[in-house]
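Okay, here's the structure, questions in a sec.
The values are calculated or read from the model by the stated rules, or taken from the named source; none is laboratory data. Remember, predicted model here, so these are calculated numbers, not experimental data. Positions of Cβ are generated from backbone atoms using ideal geometry, with glycine treated the same way; all protein chains shown enter the neighbour counts. These area figures cover heavy atoms from the full protein model, side chains too; ligands, DNA and RNA do not enter into them. Shrake-Rupley method; radii C 1.70, N 1.55, O 1.52, S 1.80 Å.
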Amino acid sequence: MELERFLEMMNKGERVDGFSEELAYMSQLSQEAMRITCELNYTYHTPEEVRALFSKLIGQEVDENFGLFPPFYTDCGKNIHLGKGVFINSGCQFQDQGGITIGDGTLVGPKTVIATLNHGFKASERHALDPKPVVIGKKVWIGANCTILPGVTIGDNAIIAAGAVVTKDVEENTIVGGVPAKKIGMIPEG
């Protein structure tokens with residue numbers, strides 16, 4: 001299997017059956033991601049070196065204003081798409097096979113988990129994987145220890161309060177918090 005075909009399949013939301021060729025390819029991508037993240041996480045790197053390693057991890061150049069405080073974890077890496085000026089704080093875990101898009105100027109708090117895969121619910125389908133993308137708009141602020149689940153879209157300028165579990169879409173200029181996350185306010189104008 002080739003990366004382009006795999007990403008096309010994931011981005012269409014096609015199910016990955018357990019013990020399939022696609023699942024074997026996912027394992028290969030995971031091995032590469034673990035190698036790169038080990039290099040990224042377990043020794044000091046300058047900001048320029050961090051950007052170079054992250055670019056290698058995701059297979060595309062990141063913006064010169066991209067920032068990351070390691071450690072960072074992913075089991076794929078190849079379906080992460082970042083706007084300009086994105087900052088990812090330490091201890092984040094991205095499960096990006098289904099696609100993660102993060103808009104310009106977004107801040108991702110420490111220990112945030114972004115998941116894009118679900119397992120089949122029936123016991124007979126438990127090894128199957130169902131990809132759904134996560135799309136995060138521009139200038140979003142995600143607080144510490146948040147979890148964003150598959151298929152969620154977060155609108156521009158939204159704030160996700162620390163510890164929130166986001167299970168459904170968040171409108172732009174909205175503040176959400178709690179488990180599951182619910183609207184708790186609006187962003188003041190200005």
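Restricting to segment 34-68, name every residue that is part of a helix (DSSP H, G or I) and more than 18 Å from C92 (Cβ to Cβ).
Those that are part of a helix (DSSP H, G or I) and more than 18 Å from C92 (Cβ to Cβ): R35, E48, E49, A52.
Oh, and also: Please find, among G59, G85, G67, the residue that is touching a Phe, Trp or Tyr at 6+ places or on another chain (Cβ under 6 Å) and surrounded by fewer than 20 Cβ atoms within 10 Å (Cβ to Cβ).
Working: G59 fails: touching a Phe, Trp or Tyr at 6+ places or on another chain (Cβ under 6 Å); G85 fails: touching a Phe, Trp or Tyr at 6+ places or on another chain (Cβ under 6 Å).
Only one candidate passes the filter, namely G67.
Right, next: Quick check on my filter: what residues within segment 88-118 are assigned to a strand (DSSP E or B) and open to solvent by less than 10 Å² (accessible area, probe 1.4 Å)?
Passing the criteria: I88, C92, F94, I100, I102, V108, I114.
Right, something else. Scan segment 127-153 for residues that are open to solvent by less than 50 Å² (accessible area, probe 1.4 Å), within 12 Å of T112 (Cβ to Cβ) and of a type in the set (A, V, I, L, M, F, W, C) and report the count.
Narrowing segment 127-153 to residues open to solvent by less than 50 Å² (accessible area, probe 1.4 Å): 128-131, 134, 136-137, 140, 142-144, 146-148, 150-152.
Still in the list and also within 12 Å of T112 (Cβ to Cβ): 134, 136, 140, 142-144, 146-148.
Going one step further and asking which of them are of a type in the set (A, V, I, L, M, F, W, C), we end up with 134, 136, 140, 142, 144, 146, 148.
The total comes to 7.
Additional query: How many residues, within segment 106-141, are in contact with a Pro (Cβ under 8 Å, 6 or more places away or on another chain) and among the small types (G, A, S)?
Here the count works out to 1.
Could you please tell me which pairs satisfy a Cβ distance under 6 Å, a separation of 6+ or placement on different chains, a first residue in segment 166-182 that is over 18 Å from G137 (Cβ atoms), and a second residue that is open to solvent by less than 40 Å² (accessible area, probe 1.4 Å) and in a strand (DSSP E or B)?
V179/V165; P180/V165
Take D104 and tell me if it is under 25 Å from N173 (Cβ atoms), at pLDDT 95 or above and acidic (D, E). Quick ask: steps written out before the conclusion?
Details: under 25 Å from N173 (Cβ atoms): yes; at pLDDT 95 or above: yes; acidic (D, E): yes.
Considered against the rule, which asks whether it is under 25 Å from N173 (Cβ atoms), at pLDDT 95 or above and acidic (D, E), D104 comes out as yes.
Could you grab the pairs with beta carbons closer than 6 Å, sequence gap of 6+ or different chains, first residue in segment 54-80 and under 19 Å from P131 (Cβ atoms), second one open to solvent by less than 20 Å² (accessible area, probe 1.4 Å) and part of a strand (DSSP E or B)?
Correct list of pairs: I58/I80; T74/F94; I80/I100.
Looking only at segment 159-172, count how many residues are open to solvent by less than 50 Å² (accessible area, probe 1.4 Å) and either touching a Phe, Trp or Tyr at 6+ places or on another chain (Cβ under 6 Å) or under 19 Å from G105 (Cα atoms) (or both).
4
Given the conditions (1) open to solvent by 10 Å² or more (accessible area, probe 1.4 Å); (2) not in a helix (DSSP H, G or I), report the number of the one that S124 does not fulfil.
Exception for S124: condition (2).
I need a count of the residues in segment 127-153 that are outside any loop (DSSP other than H, G, I, E, B) and within 23 Å of M186 (Cβ to Cβ).
Within segment 127-153, residues that are outside any loop (DSSP other than H, G, I, E, B) and within 23 Å of M186 (Cβ to Cβ) number 8.
To continue, here is another question. Can you tell me which residue is most open to solvent (accessible area, probe 1.4 Å) among those in segment 1-33 that are in contact (Cβ under 8 Å) with a residue 24 or more places away in the chain, assigned to a helix (DSSP H, G or I) and more than 20 Å from T101 (Cβ to Cβ)?
E32
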